[in-house]
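Here the structure is laid out as structure tokens; the discussion comes afterwards.
The values are calculated or read from the model by the stated rules, or taken from the named source; none is laboratory data. Bear in mind that the values here come from a model prediction, so they are computed numbers and not experimental data. Every residue, glycine among them, receives a Cβ derived from its backbone with ideal geometry; neighbour counts consider all protein chains shown. Just the protein is used for accessible areas: all its heavy atoms, side chains included, with ligands, DNA and RNA removed. Shrake-Rupley method; radii C 1.70, N 1.55, O 1.52, S 1.80 Å.
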Amino acid sequence: MADLEYTVADGIGTILLNRPHRKNAFTMDMIDVWAEALREARTDPDVRVVVLTGAGDAFCSGVDLDRRDGAAPPTPLQRKESLTERIHRIPYALEDLDKPVIAAINGVAVGAGMDMALMCDMRIMARSARLSEGYVRVGLVPGDGGCYYLPRLVGTAKALELLLTGDFIDAEEAGRLGIANHVVDDADLADAVSTLARKIADGPPVAIRTIKRAVYQSARSDLRTALDLISSHMAVVTSTEDSAEALAAFREKRPGRFVGR
């Protein structure tokens, strides 16, 4: 079986990190497949939602630090390039992806594994799952966006505490901090993720993609710019077949049948 599997079914694309014997620590080869899967999802009309999860009892324990095969230590430039030219393709691809992405955190997520969850749009956690930035424990800085994503979710002070200590937090604490949208019993995780993904996938895709885009655009804009953008978005969305179908379905009290245009 592949170390990373990407499948599409009923409007939901699923990226499975599949190295359970290594707590789904990722390799550079996995990063290549991962980035390509996100690019495919972006342009595939059959994909309306993406789910990221891990196999076994872990979500992701970060980059596999043991996969060096006896090679010489990388130079500073090589270290930088491994991030900017390979690993950072994941957050860039996610920024380009206007379809919602849900992290199904089924177990421990550490270091880059936690960052990969943070860069998703929503997170559902199993009650036994735990999170840790962890980098400081091995003398590193967060290389995958933790210093960007975490303060935006929990505020600067709490983010600094988590980043500077590397302390683990459990799922309940992640929920209280706003990292996890929902915390569910381990046995209910798959159903909870499927229910949310299904609800989004069954909605009008143009409106959903536009809402996601508008939220992130507005976070980086002043009020006038954000309202100017949303007025343009509204003009486009209301011209679509799906918008007319959504209104008709609402009035007729039936599920909508959306085609993505």
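Can you work out which of the residues in the range 96-121 that are under 26 Å from residue 202 (Cβ atoms) and free of Cβ contacts under 8 Å to residues at least 60 places away in the same chain is farthest from the chain's Cα centre (by Cα)?
96
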Test residue 66 against the criterion of being of a type outside the set (Gly, Ala, Ser) and open to solvent by 60 Å² or more (accessible area, probe 1.4 Å), and give yes or no. yes
Within the range 228-243, residues among the hydroxyl-bearing types (Ser, Thr, Tyr) and either surrounded by fewer than 13 Cβ atoms within 10 Å (Cβ to Cβ) or not in a helix (DSSP H, G or I) (or both) come out as 231, 232, 238, 239, 240
For residue 189, state whether it is within 23 Å of residue 94 (Cβ to Cβ) and touching a residue at least 60 places away in the same chain (Cβ under 8 Å). yes
Let me confirm something: among 202, 188, 167, which residue is over 19 Å from the mean Cα position of the chain (by Cα) and within 22 Å of residue 245 (Cα to Cα)? 202
Scanning the range 1-51 residue by residue, those hydrophobic (A, V, I, L, M, F, W, C), over 30 Å from residue 207 (Cβ atoms) and more than 15 Å from the chain's Cα centre (by Cα) turn out to be 1, 2, 4, 25, 26, 28, 30, 33
Among the residues of the range 244-261, which ones are among the aliphatic types (A, V, I, L, M) and not in a helix (DSSP H, G or I)? 259
Considering only residues that are of a type outside the set (Lys, Arg) and more than 20 Å from residue 18 (Cα to Cα), look in the range 39-48 and name the one that is surrounded by the most Cβ atoms within 10 Å (Cβ to Cβ). 47
With criteria (1) in contact (Cβ under 8 Å) with a residue 60 or more places away in the chain; (2) open to solvent by 70 Å² or more (accessible area, probe 1.4 Å), residue 222 comes up short on (1)
When residue 258 is evaluated against the numbered criteria (1) at pLDDT below 95; (2) surrounded by fewer than 16 Cβ atoms within 10 Å (Cβ to Cβ), which criterion, by number, is the only one it fails? (2)
